[in-house]
Amino acid sequence: MNKLMRYKVLPVFLLLTGLLVVGGCRKSSGEKGAKKVAVIISTLNNPWFVVLAETAAAQAKSLGYEAKIFDSQNNTALESDHFENVIVSGFDAILFNPTDADGSIVNVMKAKEAGIPVFCMDREVNSVKAATSQILSDNYAGCVAIGKYFVQTMPKKAAGVKYAEILGLVGDNNTWNRSKGFHSVVDLYPNLKMVAQQSADFDRNKALEVVESILQAYPDIEGIFCGNDAMAMGAYQAVMAAGKAKEIRVYGFDGAQDVIESISNGKIMATGLQSPETMAKTAALYADEFFKGKRDFPQKMPVAVELVSQANIKDYSALTKRN
Amino acid sequence: MNKNGLKYGVLVLLLAVVAYNSVYFRKLDEKKASAATTKFDAAAYADAFWKTKLLPDSGKAIELNMLIQELKTDKDKAFEAHSHALSIGNLRYFLVRGTGKITAIGDHDVTVLLANGPEVTIATEYVFGNAARDASGQIRLTDFDNTMDLNNVSSEINKIIRNRVVAPFKASAKTGQEVSFIGAIELNREHLHTDAIEVIPIHI
């Protein structure tokens, strides 16, 4: 009798369990919480990109989605593997910081073909038909502001004033957008003469070496504009070592904490404050809006870059206390 | 033999026709010129925007004194109601109007004491940035795929201001003179300062 009951109860139990599982799956697929957002980042070796990744993931989670961070380690092949995994694993959106403006296009296209929206953050891909939207720092406008401050603060001499420019990676769009913004202002003042323009790959140590050699060739320069803050710190180190900290003004870009502190201490003149938090949050919000049916996103959404200078550093004193 | 000759002759003629129609030569400067026609013309866009949108829209500019009061009373409400910007972030732009007396003429700006209000400066040297492009809110970001086109629009509008507004103003401005202006200003929503407002002039 007991055996008979067991045989009758077991199939009913299995049937009910099966129905619950199927019902549960159906319910969860219709729920917001079931959507998965991948955050694929060029590198997590740089604290700036860690902030970008963690803010994007946190914002996606706060909107009720699952979020997972993938580190491409500045390797396009690894980035490609991440995209394949993300597509196969059924992720619903990708918040993406590309490793290469050209090389990453194919990965974004793969996701697009799979019906997965991609929102680029901070770095762009050189295609307007690949990503759903690209949320990028307004590098050009930020450097227009720096260029204006550069013109205002550089010495005025009838014979002209010499300066140098240290570029970032020559293959990076941000490098040239920054340089073009700066020159759109400074080149209107022929008294300011650029005597050297060299790349230091956004790297502090390379900038130190490059500026050391520039100072040997042109010991009379009075200003150095650097395409990022790491290079500005390297340039300042070279200027200090040459005993010319009072004669040569150094300008950076990024809003890094050490440069904000250096502006506060009167060592560096100015920087352009980028906001990785704003870019990451906007990308996650765009993904949320996409899930809710929105499709008309701007292809490129600029994020304002604020000038932080000797003139307004008091407004940004809180940033010198960031961890 | 004659038959073969005819056959080969027709074949050669056919190949010659195909080859002639397959390859053609154009001067490089003609090719470059035709490519340039598809390129975005920021100067033409800026000129049309200036004449058909910005100047006609300048009637909607808010009185600068009133804006300053609103910013002091409810900053967020004032930014929400009167500011525009194509970018996300703290930098916002306002289309403003004012009347006042010139109190100083400097190398880079003209100081104007607003009637019943504070002193502001009208930029006459450093006319840069996105204030004039963005303040009216008339340009839509979705109309542009390329941000460099937008940057160039700003640059061309500022060029128009330097040539058509600033140059005649600098030539005629005198201390003590009464002036009415319409212009664009940039304010930082997070770090707001209303005591050192710089106006990019659009009409004086």
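With r defined as the distance between the Cβ atoms of A:Val88 and B:Leu141 and R0 fixed at 35 Å, what FRET efficiency is calculated, to the nearest 0.05? Provide the component values of the computation, followed by the final result.
Details: r = 34 Å, r/R0 = 0.98.
Using R0 = 35 Å, I get an efficiency of 0.55.
So if I place +1 on the C-beta of Lys and Arg and -1 on the C-beta of Asp and Glu, and nothing else carries charge, what would the dipole magnitude of the stretch A:128-209 be about its Cα centre? I want it in debye, nearest 20. Let's see the in-between values first.
Working: 10 positive and 7 negative charges, 66 e Å.
Its charge dipole is roughly 320 debye.
Could you size up the charge dipole of the stretch B:55-170 around its Cα centre, putting +1 on the beta carbon of Lys and Arg and -1 on that of Asp and Glu, and report it in debye to the nearest 20? Walk me through the numbers on the way to the answer.
On the way: 13 positive and 15 negative charges, 59 e Å.
Here the stretch B:55-170 has a charge dipole of around 280 debye.
What are the residues whose amide H is under 5 Å from the amide H of A:Met301, where those residues sit 5 or more places off or on another chain and H is modelled from the backbone?
It is A:Gln134, A:Ile135, A:Leu136, by chain and number.
If R0 is 45 Å, what FRET efficiency do you get for B:Ala115 and A:Ala158 from their C-beta distance, rounded to 0.05? Each step should come with its number before you reach the end.
Values: r = 41 Å, r/R0 = 0.91.
So the FRET efficiency works out to roughly 0.65.
Which listed residue (A:Val151, A:Phe119, A:Asn107) has the Cα farthest towards the positive end of the charge dipole for the stretch A:84-180, taking +1 on Lys and Arg C-beta and -1 on Asp and Glu C-beta about the Cα centre?
Most positive-ward Cα: A:Val151.
Given Cα pairs under 8 Å that are at least 6 residues apart, what percent is the relative contact order of chain A?
Details: 608 pairs, mean separation 53.3, N = 323.
That works out to 17 percent.
Across peptide B:186-198, how many C-beta atoms of other chains are within 10 Å of each residue C-beta, on average?
On the way: counts 2, 0, 5, 1, 3, 6, 1, 2, 0, 0, 1, 0, 0.
That works out to 2 on average.
Sorting check: for B:99-106, A:276-283, A:209-216, which peptide has the highest mean count of neighbouring beta carbons within 10 Å, and how do the rest follow?
On the way: B:99-106: 15.0, A:276-283: 23.9, A:209-216: 18.4.
Highest to lowest by the protection proxy: A:276-283, A:209-216, B:99-106.
Spin-label point model (7 Å from Cα, Cβ direction): what's the A:Val195 to A:Lys246 distance in nm?
2.0
Say R0 is 45 Å: what FRET efficiency, to the nearest 0.05, do A:Glu212 and A:Asp296 get from their beta-carbon distance? Walk me through the intermediate numbers first.
On the way: r = 51 Å, r/R0 = 1.13.
Efficiency at R0 = 45 Å is approximately 0.30.
Rounded to whole Å and sorted largest first, list the principal axis extents of the Cα atoms in the protein assembly as shown.
108, 100, 57
Please list, in order along the stretch A:221-235, the HN-Hα scalar couplings obtained from phi with the Karplus expression 6.51 cos²θ - 1.76 cosθ + 1.60 (θ = phi - 60°), rounded to whole Hz, x for Gly and Pro.
5, 10, x, 9, 9, 10, x, 7, 6, 4, 5, 5, 5, x, 5
Note down the relative contact order for the stretch B:40-203 as a percent, whole number, built from C-alpha pairs under 8 angstrom at least six residues apart. Walk me through the intermediate numbers first.
Numbers: 281 pairs, mean separation 50.6, N = 164.
After rounding, I find 31 percent.
Find the eigenvalues of the gyration tensor of the Cα atoms of the stretch B:41-180, then list the square roots of 5 times those eigenvalues as equivalent ellipsoid semi-axes, largest first, in whole angstrom. Working shown, then result.
Numbers: eigenvalues 133, 87, 29 Å².
Semi-axes, largest first: 26, 21, 12 Å.
Averaged across the residues of A:305-317, what count of C-beta atoms belonging to other chains lies within 10 Å of each residue's C-beta?
On the way: counts 3, 6, 3, 1, 0, 0, 1, 3, 0, 1, 5, 2, 0.
Average neighbour count from other chains, rounded to a whole number: 2.
Write down the Kirkwood hydrodynamic radius of the stretch B:38-108, to one decimal in angstroms, obtained as one divided by the mean of 1/r over all alpha carbon pairs.
Numbers: mean 1/r = 0.0670 Å⁻¹.
With all distinct Cα pairs of the stretch B:38-108 included, I get 14.9 Å.
Kindly write out, for the stretch A:296-310 in residue order, the coupling ³J(HN,Hα) from the Karplus curve 6.51 cos²θ - 1.76 cosθ + 1.60 (θ = phi - 60°), rounded to whole Hz, with x marking Gly and Pro.
8, 8, x, 4, 10, 10, x, 10, 4, 10, 9, 6, 10, 9, 4
With label points built 7 Å along Cα→Cβ from the Cα atoms of A:Val170 and A:Ala114, find their separation and express it in nm.
3.6
Dipole magnitude of the stretch A:139-273 about its Cα centre, charges +1 at Lys/Arg Cβ and -1 at Asp/Glu Cβ only, in debye to the nearest 20? Intermediate values should be presented prior to the final figure.
Working: 13 positive and 14 negative charges, 106 e Å.
About 500 debye.
I want to check the label-to-label distance for A:Asn126 and B:Lys39. Put each point 7 Å from Cα in the C-beta direction and report it in nm to one decimal.
Simple spin-label model gives 1.7 nm for this pair.
Below 17 Å, Cα to Cα, which aspartates and glutamates can B:Lys174 reach? Residues fewer than 8 away in the same chain don't count.
By straight Cα distance, B:Lys174 reaches B:Asp107, B:Asp109, B:Glu119, B:Glu125.
Given H placed 1.01 Å from N in the peptide plane, which residues other than close sequence neighbours of A:Ala67 have an amide H under 5 Å from its amide H?
A:Val37
Per-residue Cβ counts within 10 Å, from other chains only, averaged over A:185-191: what number is that?
Working: counts 5, 0, 0, 4, 0, 0, 0.
Partner Cβ neighbours, averaged per residue: 1.
With the cut-off at 1.5 for a/c, could you classify the stretch A:139-273 from its C-alpha gyration tensor as rounded, prolate or oblate?
Values: a/c = 1.23, a/b = 1.03, b/c = 1.19.
The shape class here is rounded.
Once phi is turned into θ = phi - 60°, what whole-Hz ³J(HN,Hα) does the Karplus curve with 6.51, -1.76 and 1.60 give for every residue of the stretch B:149-160, x standing for Gly and Pro?
4, 5, 4, 5, 4, 4, 4, 6, 5, 5, 5, 4
Figure the gain on full extension for B:Ala173 and B:Lys51 (residue separation times 0.36 nm, minus the Cα-Cα span) and round it to one decimal in nm. Walk me through the intermediate numbers first.
Working: separation 122, 0.36 × 122 = 43.92 nm, distance 2.42 nm.
Difference between extended and current length: 41.5 nm.
Values quoted throughout were computed directly from the atomic coordinates according to the rules given, and no laboratory measurement underlies them. It should be emphasised that the depicted structure is a prediction, and the values quoted were computed from it without experimental measurement. Neighbour counts run over all protein chains shown; Cβ positions are idealised from the backbone, glycine included.
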